[in-house]
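Inspection log for the structure reproduced underneath, given as structure tokens.
Coordinate-derived values only; no laboratory data. No experiment lies behind these values; they were computed from the predicted model shown. For neighbour counting, all protein chains shown are included, and Cβ atoms are generated from backbone atoms with ideal geometry for every residue, glycine included.
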Amino acid sequence: MRWPAKNAGLAIAAMSYITVDYLRHLSPTWHSWLQPALWSLLALAAVVRVPSYRHWSAEFRSAIPFVASMLFMLSALLFEALSVRSVTAVLGLDWHRNTPPLPDTGQWFLLALNEKLPSPIVKILRARIIGLHHFLMLFMMLAFSVLFDSVKAPGLGLGARYMFTMGVGRLLRAITFASTILPSARPWCAGSRFRVPGYPHPWAQKYYVPYATDHDAISRVIKLDTAYVDIGKPVGDYQPDWGSMNFLIDFLRPTVSEGPSWYNLLKKAGGGCNDLLYSGHMLVAVLTAMAWTEAYGGFSSALVWLLLMHSAQREIRERHHYTVDCIVAIYVGILLWKMTGFIWSHEATSSNRSLTKLETIQSRLIQASKDSDMDRVRELLKEIELSSEERKDPTGIKYARLFRSATIVFALTVVVLAFILTSDG
């Protein structure tokens, strides 16, 4: 962690956003006025800084990795959405309603704390101070702060690392929770969110149901290592005509009430019930905290981690996840972020570019020192902040205005969409 941060402007803006957004619970009237005003002020400040931003060629070079990372992340999210539906559908709604949650010592510990801690502290722990969309917005603000020199450029490079790491984390998460289906800590969850058959998939009817509760059957299937129970003809599922996408029917198990379109079914995909190990919400929070710590540092980084821990205990307290889901998400997120430093790194970027620029002006700097021309020395040192490519790249100059406009419009659009689409967590 860099301590202190270069300037406090980003920290003040971020904490103002969290505070103003929490007013929706305390004073909806004030929130309805202050939130649009704050976002308008931040957007205006970013647009005003665009003409004086000096690292557009670096941003231009990061554009392709940024787009590639975004497409990779979207593909990972699509795979995750398919997996979320699949792990719910494979056992049928009856299993979800009747299967008790796993014992969770973290949940017990929080209930015990409720009895020991003072009431005001318990209320703070229960308060919905921060959610998924807050962590996404904190990262958006972090990336935009390159315009104010709060974070090392390029901002698109930082965004590429964030999205690539997120994509890898989402793929690993989907593979993990699809490998062993855990019962939700909220048994009613599946019935309230999904329309899937009440009975198990034919595979589950053959390989799971006969050996789910009978101890002797479980012991025998272990010894024989084969599914010895003859279940006859399994109960079949509704088979819509999805054309080339028919292979998804076995995974998604659609019902008649959901219509004939696989696309409409996936559009309804939201938070799951059995996509537990590990927590996707906590993965987003950890990656945001890691990015904030590396790129910005300062006391605000400690606050972001404190908010992360508050969010984790709420996930456990409200039984959206088991304790193990949050713990695994924290160390997986940290390790993944550490492994993707080759895409964007504050330390490597700042030192290497400075050294490269210093080498190019070394002779002029020595001559200016011999001439005791301090104004010239200061001018040359200031140039270290800019790479020679950023000043001389003809492609960057030719397309600078178009690229600036497109980048800002695209980024602001992503911010608005992320805020709207994730506002419910």
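Assuming a ≥ b ≥ c are the square roots of the Cα gyration tensor eigenvalues, decide whether the range 1-151 counts as rounded (a/c under 1.5), prolate (otherwise, with a/b larger than b/c) or oblate. Cα axes put the range 1-151 in the oblate bin. For q = 0.14, 0.15, 0.17 Å⁻¹, what log10 I(q)/I(0) does the range 74-225 give under the Debye formula with an equal point scatterer on each alpha carbon and no solvent? Log10 I(q)/I(0), no solvent term: -1.00, -1.06, -1.14.
So if R0 is 51 Å, what FRET efficiency would Leu303 and Asp94 give, r being the distance between their Cβ atoms, rounded to the nearest 0.05? Taking R0 as 51 Å, the efficiency between Leu303 and Asp94 is 0.65.
What full-extension length gain, to one decimal in nm, is calculated for Met15 and Leu41 as 0.36 nm per residue of separation minus the Cα-Cα distance?
Result: 7.9 nm gained on full extension.
Applied to the range 291-304, the Karplus parametrisation 6.51 cos²θ - 1.76 cosθ + 1.60 on θ = phi - 60° returns per-residue 3J(HN,Hα) values of 5, 5, 5, 6, 7, 10, x, x, 4, 5, 4, 4, 5, 4 Hz, with x for Gly and Pro. Proximity of backbone amide H atoms, modeled 1.01 Å from N, is registered between Gly272 and no other residue at under 5 Å, excluding neighbours fewer than 5 places apart on the same chain. Distance from the alpha carbon centroid of the range 50-78 to that of the range 117-193 works out to 20 angstrom. Across the range 188-193, computed HN-Hα scalar couplings (Karplus, 6.51 cos²θ - 1.76 cosθ + 1.60, θ = phi - 60°) run 7, 4, 4, x, 7, 10 Hz from first to last residue, x flagging Gly and Pro. Highest mean packing first, where packing is the average number of other Cβ atoms within 10 Å per residue, the peptides 134-141, 168-175, 286-293 line up as 286-293, 134-141, 168-175.
Extending 7 Å from the Cα toward the beta-carbon at both Asp149 and Trp33 defines two label points whose distance is 3.7 nm. Can you work out the FRET efficiency for the pair Leu172 and Glu379, with r the C-beta to C-beta distance and R0 = 60 Å, to the nearest 0.05? Efficiency at R0 = 60 Å is approximately 0.75.
Quick check on the range 157-279: take the gyration tensor over C-alpha atoms, sort the square-rooted eigenvalues as a ≥ b ≥ c, and tell me if it's rounded (a/c under 1.5), prolate or oblate. Cα axes put the range 157-279 in the oblate bin.
Couplings 3J(HN,Hα) for the range 129-136, derived from phi with the Karplus relation 6.51 cos²θ - 1.76 cosθ + 1.60 (θ = phi - 60°), are 6, 9, x, 4, 5, 5, 5, 5 Hz, where x marks Gly and Pro. Estimated from the Cβ-Cβ distance and a Förster radius of 30 angstrom, the FRET efficiency linking Arg24 and Ala112 is about 0.45.
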